[in-house]
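Beneath this line is the structure, given in structure tokens, with notes to follow.
The values are calculated or read from the model by the stated rules, or taken from the named source; none is laboratory data. Just so you know, these numbers come straight off a predicted model, no measurement behind them. Note: ideal-geometry Cβ built from the backbone for every residue, glycine included; neighbour counts use all protein chains shown. These area figures cover heavy atoms from the full protein model, side chains too; ligands, DNA and RNA do not enter into them. Shrake-Rupley method; radii C 1.70, N 1.55, O 1.52, S 1.80 Å.
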Amino acid sequence: MGEYFTLFIGAVLINNFVLTRFLGLCIFFGVSKNLDASLGMGVAVTSVMVVSSVMTWLVYTYALVPFGLKFLQTPVFVLLIACSVQLLEMIIKKHSPALYNMWGIYLMLIAANCIVFGLPVINAAEGFGLVKSVVNSFGSGAGFALAIVLMASLREKLQYANVPKTLDGLGISFILAGMLALAFLGFSGMIS
């Protein structure tokens, strides 16, 4: 049990895709203007990561590896991720049109997000079993959600601050992201 907890905490804090590996920045900067949209996007990305990791693990373990088709890993993973994102889009569009409209193009960017694709590749490269893949996926999604919610909170606070014209917008956002990355760097010695 401790091994899974360590893997989860490592995925959330130490190996955070956004703040330590600098992946998935398009959605991170695009959606983090609004706290509600960021929270929803964090949940959506986490859901897609977990579902796609389970699907890719099953296909990788029971189809690609036994038949010697590991070279098809990339196109198969992309196809499975696109299917899970399309399913999520249909569910969100039907049950929460306001959230669907708030996310806009960023919902479809989940399918092309390097975090969502990189995670199953990392799980396969590390040789994780199904449970470890799910724990790593959930932890990575929670880390993404944590990072985007922290960023959205800070950006909403900045709306009331006197930010110099030259830094307004993405300039101050990059500075905030750098500070968050430095803060998360402090967790790097937590697990050896």
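Between beta-carbons, use under 11 Å as the cut-off and find the net charge around L35, counting Lys and Arg +1, Asp and Glu -1.
Surrounding charge for L35 is +1.
Compute the signed sum of charges (Lys and Arg +1, Asp and Glu -1) over the other residues within less than 12 Å, Cβ to Cβ, of A124.
Taking every other residue near A124 into account, the sum is +1.
Can you tally the net charge around M108? Count Lys and Arg as +1, Asp and Glu as -1, for every other residue whose Cβ sits under 15 Å from the Cβ of M108.
0
In nm, to one decimal, how far is the E126 label point from the E156 one, both placed 7 Å along Cα→Cβ?
About 3.1 nm separates the two model spin labels.
Structure shown: which of K70/K132; K70/K93; K33/K94; K33/K93 lie over 29 Å apart, alpha-carbon to alpha-carbon?
As for pairs spanning more than 29 Å Cα to Cα, those are K70/K93.
I'd like the carbon and sulfur percentage of the solvent accessible area for region 30-70, probe radius 1.4 Å, heavy atoms only, ligands and nucleic acids excluded.
Accessible surface attributable to carbon and sulfur in region 30-70 totals 72 percent.
Short version: ³J(HN,Hα) in whole Hz for each residue of region 31-41, in order, from phi by Karplus 6.51 cos²θ - 1.76 cosθ + 1.60 (θ = phi - 60°), x for Gly and Pro, what are they?
Each residue of region 31-41 in turn: 9, 6, 7, 10, 5, 5, 5, 5, 5, x, 5 Hz.
Hey, if you put +1 on the Cβ of every Lys and Arg and -1 on every Asp and Glu Cβ in the chain, which of V78, F5, L167 ends up farthest toward the positive end of that dipole?
Projecting each Cα onto the dipole axis, the largest value belongs to L167.
Testing the spin-label approximation: label points 7 Å from Cα along Cα→Cβ at L35 and A181. State their distance in nm.
2.6 nm
What are the ³J(HN,Hα) values, in whole Hz, obtained from phi via the Karplus relation 6.51 cos²θ - 1.76 cosθ + 1.60 with θ = phi - 60°, for each residue of region 86-99 in sequence order, with x given for Gly and Pro?
Running phi through 6.51 cos²θ - 1.76 cosθ + 1.60 with θ = phi - 60° gives 4, 4, 4, 4, 5, 5, 5, 4, 7, 9, 8, x, 5, 5 Hz.
Give me the dipole magnitude in Debye, nearest 20, for region 32-186 about the Cα centre, with unit charges on the beta carbon: positive for Lys and Arg, negative for Asp and Glu.
Dipole about the Cα centre, nearest 20: 60 debye.
To the nearest 0.05, what FRET efficiency results for A63 and K165 with a Förster distance of 45 Å applied to their C-beta separation?
0.20
Can you work out the FRET efficiency for the pair S188 and S96, with r the C-beta to C-beta distance and R0 = 35 Å, to the nearest 0.05?
Using R0 = 35 Å, I get an efficiency of 0.40.
Ordered by residue, what ³J(HN,Hα) values in Hz, to whole numbers, does region 136-152 give under the Karplus form 6.51 cos²θ - 1.76 cosθ + 1.60, where θ = phi - 60° and Gly and Pro are x?
So the J values, rounded to whole Hz, are 5, 5, 5, x, 5, x, 5, x, 4, 4, 4, 5, 6, 6, 4, 5, 5.
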